[in-house]
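Down below is the structure, laid out as structure tokens.
Readers should treat all values here as calculations from the given coordinates under stated rules, not as data from a laboratory. Here the structure is a predicted model, which means the values were calculated and not measured. Glycine gets a Cβ as well: all are built from the backbone with ideal geometry, and neighbour counts include every protein chain shown.
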Amino acid sequence: MDIRSMYYDELNEYILSLGLPAYRTKQVFEWMHKKYIGSVDDMTNLPKTLRKKILRDGFISLEIETKQVSKIDGTVKYLFKLYDGQMIETVFMRYSYGNSICISSQAGCRMGCRFCASTIGGLVRNLYASEMLEQIYAVMRDTGERISNVVIMGTGEPLDNYDNLIRFIRLITDERGYNLSGRSITMSTCGIVPNILKLADEDLAITLAISLHAPNDKKRRKLMPIANTYSISEIIDACKIYFEKTGRRITFEYSLVKGENDSAEDAYELAGLLAGLNCHVNLIPVNKIEERNFSRSDDYSIQKFKLGLEKNSINVTIRKSVGSDIDAACGQLRRKHMVNKVEGSL
């Protein structure tokens with residue numbers, strides 16, 4: 001039944017179906033989403049019979065398989081083990097304005113982006129809303145620190161797991177639980193147009209981030225197979241509708257790959273593509289992946305690309321690299337674990 005994935009009203013129906021008073025709903029919901037406990041046994045003001053029932057019906061928590069802590073900036077990369085043995089990654093980052101967390105939405109990914117380690121091996125399964133929530137709660141239990149910003153930008157394509165994504169957002173923003181502001185949530189997608197349009201109608205205040213990574217369809221198809229299904233013009237049109245309905249500025253993620261999409265001409269074309277949009281471009285120097293032959297753009301090219309956008313009145317920043325001494329890039333730690341597991345069984 002997956003108790004932690006239940007909306008408050010659904011949980012109330014469950015509690016009442018057990019013949020229990022409604023006040024137990026508030027207690028259980030707060031234990032899960034305000035006190036973010038990792039074990040049913042921690043619900044100390046509930047009868048043991050109820051705790052056993054909840055445990056039998058399905059209370060999902062995550063197990064830390066391993067974690068890496070950066071000696072440079074304190075960034076922590078977690079590899080979590082799910083109830084079925086699958087592995088997912090989560091990154092905890094400390095900033096002057098608060099703590100941020102980058103969570104996964106799927107175990108594996110089927111989008112096939114050429115420069116990403118997450119997609120190597122394909123999609124295993126979607127994560128439940130509870131497993132997305134538990135990444136946040138488990139990190140807070142481990143660090144003792146509150147999370148103020150959530151980025152859904154880890155392993156997986158969030159809009160490919162739409163129903164669980166929406167359930168996760170509504171639960172984490174529920175004022176009876178964790179009560180995180182929707183404005184503190186950023187969701188990154190490679191551009192599944194129909195679900196961007198659905199998201200625009202959900203009445204959520206989250207930030208939409210588009211993984212663009214190319215200024216035209218020809219180059220984008222070389223980097224991202226999704227470009228064979230949805231063109232850049234379709235994505236831009238969907239972004240305009242999203243902005244009209246939500247009033248939220250769009251972020252465009254652009255991973256700079258040496259010799260592929262980082263020229264001055266690429267910057268000029270990108271600026272023309274985004275002209276007039278209320279948007280922000282986040283430049284990401286791509287991380288080296290052993291299984292791919294793409295390389296990180298050099299610092300000169302990165303700065304020149306940024307200047308080219310700024311000259312054309314595009315708001316742009318270069319993403320600060322964190323955890324450079326650990327496997328902090330998306331998919332790297334999970335991939336390393338999978339490879340070691342296979343090699344260890346030979």
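Candidates are the residues of the stretch 217-234 that are touching a helix residue (DSSP H, G or I) at 6+ places or on another chain (Cβ under 6 Å) and either within 18 Å of Ile206 (Cα to Cα) or touching a residue at least 40 places away in the same chain (Cβ under 8 Å) (or both); the one that is surrounded by the fewest Cβ atoms within 10 Å (Cβ to Cβ) is Glu234. Only strands (runs of 3 or more DSSP E) whose full extent lies in the stretch 242-319 are considered here, and the ones with at least 1 residues that are among the hydroxyl-bearing types (Ser, Thr, Tyr) and within 17 Å of Leu223 (Cα to Cα) are 250-256.
Beta carbons closer than 8 Å, at least 6 apart along the sequence or on distinct chains, pair a first residue in the stretch 12-40 that is over 15 Å from Asp57 (Cβ atoms) with a second that is among the acidic types (Asp, Glu) and assigned to a loop (DSSP other than H, G, I, E, B) for His33/Asp174.
Can you tell me which residue within the stretch 78-130, out of those that are within 12 Å of the chain's Cα centre (by Cα) and β-branched (Val, Ile, Thr), is surrounded by the fewest Cβ atoms within 10 Å (Cβ to Cβ)? The selected residue is Ile101. Starting from the stretch 86-110, keep only residues that are part of a strand (DSSP E or B), then list their pairs with residues that are surrounded by fewer than 16 Cβ atoms within 10 Å (Cβ to Cβ) and of a type in the set (Ser, Thr, Tyr) whose Cβ atoms are within a distance under 6 Å, requiring at least 6 positions of separation or different chains. From residues that are part of a strand (DSSP E or B), the pairs are Gly98/Ser148; Asn99/Ser148. In a residue-by-residue description of the stretch 66-80, the property of being farther than 22 Å from Val150 by Cβ and among the charged types (D, E, K, R) applies to at least one position.
The set of residues in the stretch 168-192 being buried (at least 19 other Cβ atoms within 10 Å of the Cβ) and part of a helix (DSSP H, G or I) consists of Phe168, Ile169, Leu171, Ile172.
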